[in-house]
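Right, one structure below, let's go through it.
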Amino acid sequence: WPGDVGPLVTWPLVITRGPEKPRMNLGIYRMQLLGANKLIMRWLSHRGGALDFRDWTLKRPGEPYPVAIALGADPATTLGAVTPVPDALSEYAFAGLLRGGKTELANCLTPRCKENELLVPAHSEIILEGYIDPNEMADEGPFGDHTGYYNEVERFPVFTVETMTTRKNPIYHSTYTGRPPDEPAILGVALNEVFVPLLQKQFPEIVDFYLPPEGCSYRMAVVSIRKEYPGHAKRIMLGIWSFLRQFMYTKFIIITDEDVDVRSWEDVIWAMTTRMDPRRDSVFIDNTPIDYLDFASPVAGLGSKVGMDATNKWEGETDREWGTSIQMDASVQERVDSLWDSLGIHLPGRKR
């Protein structure tokens with residue numbers, strides 16, 4: 001973008017391990033090029049890599065922190081890195097589930113990364129190994145981000161590259177980011193199919209779950225449920241916010257009944273405008289963790305959330321007689337459909 005401050009690595013698969021932790025963490029954190037072997041590691045404080053780095057600095061203050069980076073990993077491993085899997089599950093193991101086969105890994109070459117038992121995807125195009133000096137920081141940004149805005153300048157740790165290995169004739173993997181729809185937004189649509197079974201395992205009453213790409217792929221969720229009791233929608237809102245770490249960045253959650261297609265704004269807006277009272281059916285929560293990229297929040301990394309109950313209301317939720325939605329009788333619909341040909345009207349998509 002015209003206002004970008006410099007070259008940027010957009011799809012680095014960053015591999016870290018906290019001190020004495022049994023599992024590695026995989027994450028995608030963009031990296032600004034500073035020099036021949038220097039890159040700024042832009043990981044936000046809530047992210048797994050940043051948490052591993054924090055634990056290292058507390059356990060081994062002042063010591064360089066080993067980090068490995070894969071560029072051009074296979075699609076399943078990349079998808080595993082951006083999916084907020086439960087903390088007990090390795091992203092490499094999750095990638096194996098997506099792929100239908102175990103993730104092939106290789107040992108690192110540098111003593112630091114080998115000592116920290118970091119493993120990298122064996123079929124990556126490019127591998128960078130190095131370290132972060134806890135005392136070396138640099139200003140990062142501005143860059144055009146997936147939100148559609150330039151992010152503010154912030155200080156982040158600097159990654160020093162010690163070794164680079166590549167395949168023969170490696171392909172450099174990058175991506176385009178900007179106002180949705182962009183490539184990360186389309187990837188977010190694919191992740192919907194991963195989130196649905198994960199959520200249904202914890203909340204079997206969930207019918208569908210959708211992260212609209214227009215909402216930056218995670219800032220808004222629309223959920224349909226089989227409602228079973230008064231207040232059910234509010235339970236689902238609170239459950240989703242606390243289920244996976246990624247969902248603490250979701251500012252808006254809309255809950256609908258199962259008759260609403262959550263992937264259709266026509267359905268969702270109809271449900272919101274006919275089944276919601278704004279005061280009764282909105283849940284506001286203040287001072288919660290929020291996306292650091294969200295400059296709309298009053299404090300960086302801390303803001304509010306709102307849940308909206310767009311379900312039909314049950315006794316106990318309203319004192320009024322609730323409306324019954326209009327449904328066309330099937331026999332009438334069939335009779336009308338049978339008349340089209342005799343009237344000389346051909347409807348697109350309808351067989352004669």
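The values are calculated or read from the model by the stated rules, or taken from the named source; none is laboratory data. Just so it is clear, the structure is predicted and the values come from calculations on it, not from any experiment. Virtual Cβ from ideal backbone geometry, glycine too; neighbours counted across all protein chains shown.
Pairing each residue of the range 269-289 that is part of a loop (DSSP other than H, G, I, E, B) with any residue that is not basic (Lys, Arg), provided the two are 6+ apart or on different chains, yields C-beta distances under 6 Å for 276/310; 281/309.
Checking each residue in the range 126-137 for being acidic (Asp, Glu) and either surrounded by fewer than 17 Cβ atoms within 10 Å (Cβ to Cβ) or more than 23 Å from residue 166 (Cβ to Cβ) (or both) picks out 133, 136. Residues in the range 45-98 that are touching a Phe, Trp or Tyr at 6+ places or on another chain (Cβ under 7 Å), of a type in the set (A, V, I, L, M, F, W, C), more than 22 Å from residue 173 (Cα to Cα) and touching a residue at least 24 places away in the same chain (Cβ under 8 Å): 53, 56, 85. Among the residues of the range 219-242, the ones that are surrounded by fewer than 19 Cβ atoms within 10 Å (Cβ to Cβ) and within 18 Å of the chain's Cα centre (by Cα) come to 4 in all. Scanning the range 299-316 for residues that are assigned to a loop (DSSP other than H, G, I, E, B) and either polar (S, T, N, Q) or buried (at least 19 other Cβ atoms within 10 Å of the Cβ) (or both) turns up 311, 312, 313.
Every residue, every condition in (1) in contact with a Pro (Cβ under 6 Å, 6 or more places away or on another chain); (2) of a type in the set (Asp, Glu); (3) part of a loop (DSSP other than H, G, I, E, B); (4) farther than 26 Å from residue 4 by Cα, yes or no:
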position: 152; (1), (2), (3), (4): no, yes, yes, no
position: 163; (1), (2), (3), (4): no, no, no, yes
position: 175; (1), (2), (3), (4): no, no, yes, no
position: 186; (1), (2), (3), (4): no, no, no, no
position: 195; (1), (2), (3), (4): no, no, no, yes
position: 201; (1), (2), (3), (4): no, no, no, yes
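Based on what the data block shows, is residue 259 part of a loop (DSSP other than H, G, I, E, B), over 21 Å from residue 192 (Cα atoms) and either at pLDDT 95 or above or assigned by TED's automatic domain parsing to the domain that holds residue 196 (or both)? Judged against the criteria, residue 259 is not a match.
Entry remark, the range 195-218: residues being touching a residue at least 24 places away in the same chain (Cβ under 8 Å), over 11 Å from the mean Cα position of the chain (by Cα) and within 17 Å of residue 79 (Cα to Cα) number 1 in total.
The residues listed here are 140, 152; of these, the one that is more than 19 Å from residue 17 (Cα to Cα), in the same structural domain as residue 26 (by TED's automatic domain parsing), crowded, with 17+ Cβ neighbours inside 10 Å and in contact (Cβ under 8 Å) with a residue 24 or more places away in the chain is 140.
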